[in-house]
1. Name the one entry in LEU250, LEU215 that is under 27 Å from THR141 (Cβ atoms), in contact (Cβ under 8 Å) with a residue 24 or more places away in the chain and crowded, with 20+ Cβ neighbours inside 10 Å.
2. I'd like the residue in the stretch 53-87 that is surrounded by 13 or more Cβ atoms within 10 Å (Cβ to Cβ) and polar (S, T, N, Q) and, out of all such residues, is nearest to SER134 (Cα to Cα).
3. Scan the stretch 160-188 for residues that are surrounded by fewer than 12 Cβ atoms within 10 Å (Cβ to Cβ) and more than 22 Å from LEU238 (Cα to Cα) and jot them down.
4. Out of the residues in the stretch 1-52 that are out of contact with any Ser or Thr (no Cβ under 8 Å at 6 or more places or on another chain) and among the aliphatic types (A, V, I, L, M), which is farthest from ARG135 (Cα to Cα)?
5. Between ALA131, ALA118, which is in contact with a helix residue (DSSP H, G or I) (Cβ under 7 Å, 6 or more places away or on another chain), modelled with pLDDT of 95 or more and within 30 Å of VAL173 (Cβ to Cβ)?
6. Determine whether the stretch 294-311 contains at least one residue that is in a loop (DSSP other than H, G, I, E, B), among the small types (Gly, Ala, Ser) and within 23 Å of HIS204 (Cα to Cα).
7. Here is a list of conditions, (1) buried (at least 20 other Cβ atoms within 10 Å of the Cβ); (2) within 24 Å of the chain's Cα centre (by Cα), and GLN136 meets all of them except one; can you say which number that is?
Amino acid sequence: MQTLSDFFTHSGAQIALSTLGRRVAPLSSRIFEAFEREQQAWPLPWNGHAQLACALRWPAAGPDPVIWFLSLPLDEQGLLSPAPRDAFLERLLQTLGAQGDDASAQPVENLMQDNPLAFEPELHQRALLHARLSRQFDQPTSPHTEMARRYLLGDSSLNWQMIGLQGLADLVVTQDPELTAALGQRLPRLPREVLIPLCYLLEHGDTPQELLLPLWQLLEPAREAQDLERYCAVLRALLGSDTQQVGEWLDRWLEDDDLMAADCLVAIAARGWHHLEHEVRLCCFLERLARCTQINFRRVVRDLALIPRLRLPILMMLRQAPRDCAVGQRVSGWNV
């Protein structure tokens with residue numbers, strides 16, 4: 001047994017893999033196995049790591065899956081650095097051997113204690129992951145879901161303090177057409193205490209097409225109010241969408257010198273990387289990024305360059321950048 005994929009195959013457990021960090025998204029066992037065998041780069045690197053959730057449910061251990069949150073180091077090409085994974089696998093096999101034939105005590109929580117690969121995802125990612133796994137494992141939604149739905153539909157007897165984050169996450173995953181239609185009207189009236197966490201949940205690719213224009217129309221009021229947190233949250237919810245329309249909006253945004261706040265540029269790198277698979281747009285983004293003195297240009301670009309589809313275009317642009325432009329000045333003396 002040389003990889004975690006080998007263990008999953010022989011474990012007898014129902015397995016659900018998900019990426020974390022850059023985007024909470026399902027991950028196929030085939031892609032994970034190719035990554036573990038160093039045949040493929042990690043598709044969504046985050047701060048030089050492959051962050052993922054491994055949900056395992058053994059038939060004899062009850063209905064609730066066990067979830068391992070792992071952060072596997074990557075090399076400079078986005079491939080697995082195998083030594084930490086090998087150490088974790090060795091610990092896993094030792095735990096299995098110590099348990100012997102006790103099928104009810106599957107290798108679980110104690111593996112994460114003092115484990116250098118373990119990490120805690122941020123709260124919104126955990127809520128979204130839990131909502132998706134509940135559907136995948138045919139478990140009921142959170143008790144908070146119905147109250148959150150009533151609130152978003154406009155029930156005046158409820159106030160925002162009664163709404164739980166998990167309820168919002170369940171609704172984002174469900175994508176109820178009636179709720180989507182209601183949200184299109186209610187978004188401008190939602191308190192920021194509801195709007196911001198809702199946007200943080202939508203940013204992982206769950207923004208319905210019908211909400212794109214209502215969200216876009218929220219940017220200007222947030223700008224006028226100088227509410228950078230609200231502005232960036234809405235921007236991130238938009239960037240999570242793969243639609244061409246959002247890419248065209250991003251072109252307009254990048255042309256506006258007044259909107260180059262560092263937090264917004266970081267949001268594009270974090271949640272809108274797929275919109276940068278466009279030569280002109282990528283060039284414009286890198287130039288804007290290079291002009292922002294509040295950002296660690298080298299760190300952001302290196303992390304983006306680990307994304308397989310962006311690696312070659314970014315490296316070419318860095319190498320070919322004229323030395324009198326902002327990008328050229330940033331990389332001057334930097335051997336890329």
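The values are calculated or read from the model by the stated rules, or taken from the named source; none is laboratory data. Computed from a prediction, not measured in an experiment: that's the story for all the values here. Here the Cβ positions follow ideal geometry from the backbone for every residue, glycine too, while neighbour counts run over all protein chains shown.
1. Details: LEU250 fails: under 27 Å from THR141 (Cβ atoms).
Of LEU250, LEU215, the one residue that is under 27 Å from THR141 (Cβ atoms), in contact (Cβ under 8 Å) with a residue 24 or more places away in the chain and crowded, with 20+ Cβ neighbours inside 10 Å is LEU215.
2. SER71
3. Passing the criteria: only GLN161.
4. Residue satisfying both the conditions and the ranking: MET1.
5. On the way: ALA118 fails: modelled with pLDDT of 95 or more.
Unique residue meeting the criteria: ALA131.
6. Just the residues of the stretch 294-311 that are in a loop (DSSP other than H, G, I, E, B), to begin with: 294-296, 306-307.
Still in the list and also among the small types (Gly, Ala, Ser): none.
Taking every residue of the stretch 294-311 in turn, none turns out to be in a loop (DSSP other than H, G, I, E, B), among the small types (Gly, Ala, Ser) and within 23 Å of HIS204 (Cα to Cα).
7. Of the numbered conditions (1) buried (at least 20 other Cβ atoms within 10 Å of the Cβ); (2) within 24 Å of the chain's Cα centre (by Cα), the odd one out for GLN136 is (1).
Residue-wise test of (1) of a type in the set (D, E, K, R); (2) modelled with pLDDT under 95.
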residue: GLU203; (1), (2): yes, no
residue: ASP206; (1), (2): yes, yes
residue: ASP227; (1), (2): yes, yes
residue: ARG236; (1), (2): yes, no
residue: TRP249; (1), (2): no, yes
residue: VAL266; (1), (2): no, yes
residue: ALA269; (1), (2): no, no
residue: GLY272; (1), (2): no, no
residue: ARG281; (1), (2): yes, no
